[in-house]
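Below is one structure; the comments refer to it alone.
The values are calculated or read from the model by the stated rules, or taken from the named source; none is laboratory data. Owing to the predicted nature of the structure, the values given are computational and were not obtained by experimental measurement. No Cβ is skipped: glycine too gets one built from the backbone with ideal geometry, and neighbour counts run over all protein chains shown. Accessible surface areas use protein heavy atoms only, side chains included; no ligands, DNA or RNA. Shrake-Rupley method; radii C 1.70, N 1.55, O 1.52, S 1.80 Å.
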Amino acid sequence: MRHAHTVAQVRAAEEASPDLASGVLMQRAARGLAHAVIDLLGGAYGRRVVLLVGSGDNGGDALYAGAYLARRGALVDAWLLSERAHPGGLAALRAAGGRTVASAARADVVVDGIVGIGGRPGLRREAVAACRALGVRVGADEHARPLVVSVDLPSGLDADTGRVEGSHVMADLTVTFGTEKVAHLVDPAAAACGTVHLVDIGLDLPAAAVEALQQADVATLLPVPEGADHKYTRGVVGVRAGSATYPGAARLCVAGAASGLVGMVRFRAVDGDEDTARRVVAARPEVVTNAGRVQAWVVGSGGGDRAADALAEAVGDGVPVVVDADALAAVDGPLAVPAVLTPHAGELAQLLGMERAEVEADQLSAVRRAADRFGAVVLLKGRRTLVAEPAGRVRVNTTGTPWLATAGAGDVLAGLIGSLLAAGLDPFDAASVGCWLHGAAATAASAGGPLTASAVADALSAAVRRVLPTP
Ligand SMILES: NC(=O)C1=CN([C@@H]2O[C@H](COP(=O)(O)OP(=O)(O)OC[C@H]3O[C@@H](n4cnc5c(N)ncnc54)[C@H](O)[C@@H]3O)[C@@H](O)[C@H]2O)[C@@H](O)CC1
Ligand SMILES: Nc1ncnc2c1ncn2[C@@H]1O[C@H](COP(=O)(O)OP(=O)(O)O)[C@@H](O)[C@H]1O
Ligand SMILES: [K+]
């Protein structure tokens, strides 16, 4: 599991550490930072390193790491952006042969120690000017540039929210300490961090604010059939998706449900259209289309005008339900059954009465608000899909590829989550394991190239197999 904590949690853990006062925490941080820079550059000797140094301990980390790099033969210049700089770090850098400079134009790597978790969002004018002089991207501008390593957090980001306000550094690599921060995992801030490398400095931390499943976590959560299981004990997932207008959505949702994680998939067309059902069975002969019991329903993908009725009928069955696409419009408060709502940003904006841009700018608070208001697990789809439950836990998904942004991919995801619910996972685990597998299948099927929703569905069984221990 990857964990992200808030600044307040990190501060409290640092205060409680016996190694804070002696400066040992900072030494661990700086050494980890220096090693990450050496790994990135493939060595230190002869490399031109410019440190951008702010007034706080974030600048101190950069200075001590600079001293370490200078001792290994790097040419290290520290550009001090404030009249104050960490005195111990400055002395260490000078003793190692590093220099302080008032400007610089060229570097193999820029180490961004302007501001870390102690900063307010946005960059000051001098910091923006220094970044520009060195070709460090601040926000969306693009030009030829050196590698940029941010210390703890790309300067200018808000550590706790995932929001972006004002200018900020765009990093290739962010080296963080003790634990990840929310901004490392949650978009849009996460998109500014590049690769995130965590250095353990020995902090003792409480439960995380945000977490991200890793393959090992998915392996422990996956439903695996046992000796005496039969198809009904493994679970039956019901799909009420597609319509005469959108018959493809029915097939894609069923394909997501039919990756083999449940004993049976039962399909019912939302508008009762027999043609849709026939086409689903033609594509997937293992799917049954008669009425009967299910352990979870998926409702709404491509469901057209009758999705609200289909949702009401599914809820009437008293089993957990995945509410997707057209059925989301019928949700105006908590449902009578455990539910996973699967909106993209536009659908979540409608659910909350907000603008889409507001949801995209503050994804974490929007998904938390929706989980609280609808008393359900809410999965907000995007590059970094978020899964929130009413009790406050949040997971962020880090698998996938931008090629997954393709029509019908959401139908596959809804079916997959439904199958995990029917197999017995609770809604929070079903949603977060579902988007992890969906992203992993997409990455494998894409292999760096174009992707269709059908290809994602076809790759699901193999993605599950890769997670399971080898027999
Ligand atoms: N406390 C500890 O034990 C450890 C702290 N560490 C480092 O310490 C950092 C936190 O240090 P600080 O609490 O000194 O805070 P920072 O160094 O993150 O920032 C505070 C300083 O930046 C200035 N500042 C605030 N907003 C700014 C902005 N938008 N633009 C430019 N300057 C701004 C403030 O005037 C203040 O002097 C962490 O991010 C991490 O890098 C690490 O060394 C690990 C151990
Ligand atoms: N930039 C991106 N990078 C990775 N995955 C993405 C990106 N944009 C969207 N996705 C994923 O693609 C899928 C799109 O689903 P959705 O918007 O519901 O499409 P549809 O309604 O056509 O099925 C979601 O799983 C979402 O998380
Ligand atoms: K920084």
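For the set His197, His5, the ranking by accessible area, highest first and with no ligand, DNA or RNA atoms included, is His197, His5 under a 1.4 Å probe. Computed extension gain for Ala105 through Val24, at 0.36 nm per residue and net of the alpha carbon distance, reaches 25.8 nm. Using the Cβ-Cβ distance between Ala129 and Ser461 with R0 set to 45 Å, the FRET efficiency from 1/(1 + (r/R0)^6) comes to roughly 0.25. Once the Cα atoms of helix 57-71 and of the chain are each reduced to a long axis, what angle between those two axes, in degrees from 0 to 90 to the nearest 10, is obtained? The angle comes out at about 70 degrees. You can think of it this way: the chain between Glu355 and Arg120 has 82.0 nm of extra reach, that is 0.36 nm per residue less the Cα-Cα gap. Between the amide H of Thr385 and those of Asn397, distances stay under 5 Å, these residues lying 5 or more places away or on another chain, with hydrogens modeled in the peptide plane. Residues whose amide H lies under 5 Å from that of Gly424, counting only those 5 or more places away or on a different chain, are absent; hydrogens are built 1.01 Å from N in the peptide plane. Once divided by 2.2 N^0.38 Å, the Cα radius of gyration of the chain becomes 1.10.
Simple spin-label model, 7 Å along Cα-to-Cβ: Ala219 to Arg84 in nm? Modelled inter-label distance: 4.8 nm.
Against the longest alpha carbon principal axis of the chain, how many degrees, from 0 to 90 and to the nearest 10, is the axis of helix 125-134 turned? Long axis of 125-134 versus the principal axis of the chain: about 90 degrees. Estimated at 0.36 nm per residue, the fully extended path between Thr289 and Met1 surpasses their Cα-Cα distance by 99.8 nm. Spin-label pair Ala207-Asp332: with each label point 7 Å from Cα along the Cα-Cβ axis, the two points sit 3.4 nm from one another. Shown are Glu389, Glu15, whose ranking by accessible area with a 1.4 Å probe and every protein chain present, most to least, is Glu15, Glu389. Each Cα pair under 8 Å and six or more residues apart adds its sequence gap; the mean of these over the residue count of the stretch 215-467 is a relative contact order of 21 percent. Per residue of the chain, the DSSP helices (runs of n ≥ 4 H) give a summed -39500 (n - 2.57) that works out to -11500 deg cm²/dmol at 222 nm. Once backbone amide H atoms are built at 1.01 Å from N, Lys181 has His5 as its partners under 5 Å, excluding neighbours fewer than 5 places away on the same chain.
For the stretch 2-211, the spherically averaged projection of the C-alpha convex hull amounts to 10.2 nm².
If R0 is 22 Å, the Cβ-Cβ spacing of Ala407 and Thr245 corresponds to a FRET efficiency of close to 0.95. Relative to the longest principal axis of the C-alpha atoms of the chain, give the angle of the C-alpha long axis of helix 363-374, reported between 0 and 90° and rounded to the nearest 10°. Helix 363-374 sits roughly 40 degrees off the main axis of the chain. Taking the Cα centre of the stretch 81-170 as reference, the dipole from Cβ charges on Lys and Arg (+1) and Asp and Glu (-1) amounts to some 320 debye. DSSP assigns beta bridges within the stretch 215-467; of those with both partners inside it, close to 25 percent run antiparallel. Extending 7 Å from Cα along the Cβ direction at Arg11 and again at Glu274 yields two label points whose distance is 6.9 nm. Put +1 on the Cβ of every Lys and Arg and -1 on every Asp and Glu Cβ in the chain; which of Ala250, Ile201, His184 then has its Cα farthest towards the positive end of the dipole? So the residue furthest toward the plus end is Ile201. Among Thr220, Thr195, Thr161, the order of accessible area from largest down is Thr220, Thr195, Thr161, computed with a 1.4 Å probe on protein heavy atoms. With the gyration tensor restricted to C-alpha atoms of the stretch 153-283, the semi-axes of the equivalent ellipsoid amount to 44, 23, 11 Å, longest first.
The antiparallel fraction among DSSP beta bridges confined to the chain stands at about 20%.
Using a Förster distance of 60 Å, how high is the FRET efficiency between Ala228 and Arg145, based on the Cβ-Cβ distance and rounded to 0.05? After rounding, the FRET efficiency stands at 0.50.
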